[in-house]
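The structure appears below as structure tokens.
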Amino acid sequence: MNGLNDSQVYLNGDYLPLSEAKVSVLDRGFLFGDGVYEVIPSYLGKLFRMQDHLDRLQDSMSRIRLELDYDFEQWIEILTPLLDETRDQYIYLQITRGAAPKRDHAFPKNPIPTIFAMCSDIKPFAGAERGVKAMTMEDSRWEMCNVKATTLLANVLLRQQAIEQGCAEAILHRKGYVTEGAASNLFAVIDDVLITPEKTAEILPGITRQVILELAEKNGCRVSEEVISLDALKTATEIWITSSTREIVPVVELDSVKVREGIPGPMFKKINQLFQQYKRSL
Ligand code: PDD
């Protein structure tokens, strides 16, 4: 189970090779993107901040009115057979509103959700230690970005545009303030304060973001959850993007202008070290 093409996956109660996992073309996940997902890291077989991920999953499901009543133990039982204790991996878990008899935007009666989970190796992000380039872009997503929805077309287009410009991530903004990355949360160090946009419906409440805030506070850093204007971001001495699959990645060039001297800053080094220690201590 190492992220190779024919690894075992979980689909609706069965474990089977990825190549044999099939869902109906009438599945609402396929037709409408009507589903939610989670990405949960597993370090040497231990699921990272599992309760937080499940709480967010429950919140996403409630917001799209998808009912599924599994408790912590049931999820652990489903996901554990996919894990390998010798590797750092992540679980991709997706739940859709299932297949309906016909294509209709309105919910079907008594839908049976489709539950799918697969596991892949966490691959260190190329260039993460040295830092990456990012560019700012208008946030063209919908107004429920706090739902971890599989409907990701805007995110896909934004990230692709960034990559085509030689950047690793698109940093999004609305009405002059920044929200988050196309697939990451955002941190900035401004006047020695570690700042991240506050939790609203305009951002995904990232678990990595939460862990960083806890570690920074516990270790005496000045932290703040507040609005960051695009102008303020341009004055930041450090900018990071964070996610479960990439952890903490410093942005060393924003819109072709170097952040600091174009090298990762001291706050990144400190928090990244704390993060690495923390994940191994669990
Ligand atoms: N994405 N914001 C967005 C829009 C994201 O897609 C993600 C993660 C995050 C960070 O959340 P967390 O720290 O809980 O991973 C923030 C995942 C990794 C993905 O879509 O693959």
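The values are calculated or read from the model by the stated rules, or taken from the named source; none is laboratory data. Here the structure is a predicted model, which means the values were calculated and not measured. Using ideal geometry, Cβ is built from the backbone for each residue, glycine included, and neighbour counts are taken over all protein chains shown. Ligands, DNA and RNA are stripped out before the accessible areas are found, and what is left, the full protein with its side chains, is counted by its heavy atoms. Shrake-Rupley method; radii C 1.70, N 1.55, O 1.52, S 1.80 Å.
Details
- The chain - mean residue ellipticity at 222 nm from DSSP helices (-39,500 (n - 2.57) per run, n ≥ 4, rounded to 500): -7500 deg cm²/dmol
- Angle in degrees between helix 207-218 and the longest Cα principal axis of the chain, rounded to the nearest 10: 40 degrees
- Applying the Karplus relation 6.51 cos²θ - 1.76 cosθ + 1.60 with θ = phi - 60° to the range 191-204 yields 3J(HN,Hα) values of 6, 6, 10, 7, 10, 9, x, 5, 6, 9, 5, 8, 9, 7 Hz, where x marks Gly and Pro.
- Degrees between helix 153-164 axis and first principal axis of the chain (Cα, 0 to 90, nearest 10): 50 degrees
- In nm, spacing of pseudo-spin labels at E138 and I76 (7 Å Cα→C-beta vector): 4.8 nm
- Alpha carbon centroid spacing (whole Å) that separates the range 33-106 from the range 110-155: 14 Å
- Between 0 and 90°, nearest 10: helix 266-281 axis offset from the chain longest Cα axis: 30 degrees
- Given their separation in residues at 0.36 nm each and the Cα-Cα distance between them, V156 and T237 gain 26.3 nm when the chain is fully extended.
- Listed pairs K109/K279; K218/K258; K46/K109; K175/K279; K123/K148 exceeding 32 Å between Cα atoms: K109/K279; K46/K109; K175/K279
- Principal axis extents of the C-alpha atoms in the range 98-257 (largest first, rounded to whole Å): 57, 37, 35.
- A cut-off of 5 Å between modelled amide H atoms, ignoring neighbours fewer than 5 places along the same chain, links D88 with L44, I122.
- Rg/Rh ratio calculated on Cα atoms of the range 8-121 (Kirkwood radius): 0.98
- Looking at the range 226-263, the GluC sites (Glu not before Pro) that sit in a DSSP loop and have at most 16 other Cβ atoms within 10 Å of their own Cβ are E226, E261.
- Per residue accessible area in Å² of the chain, where ligands, DNA and RNA are left out and the probe is 1.4 Å: 50 Å²
- All Cα-Cα separations within the chain were binned at 5 Å from zero, giving a P(r) of 1, 5, 12, 15, 17, 17, 14, 9, 6, 3, 1, 0, each value a whole percent of the pairs.
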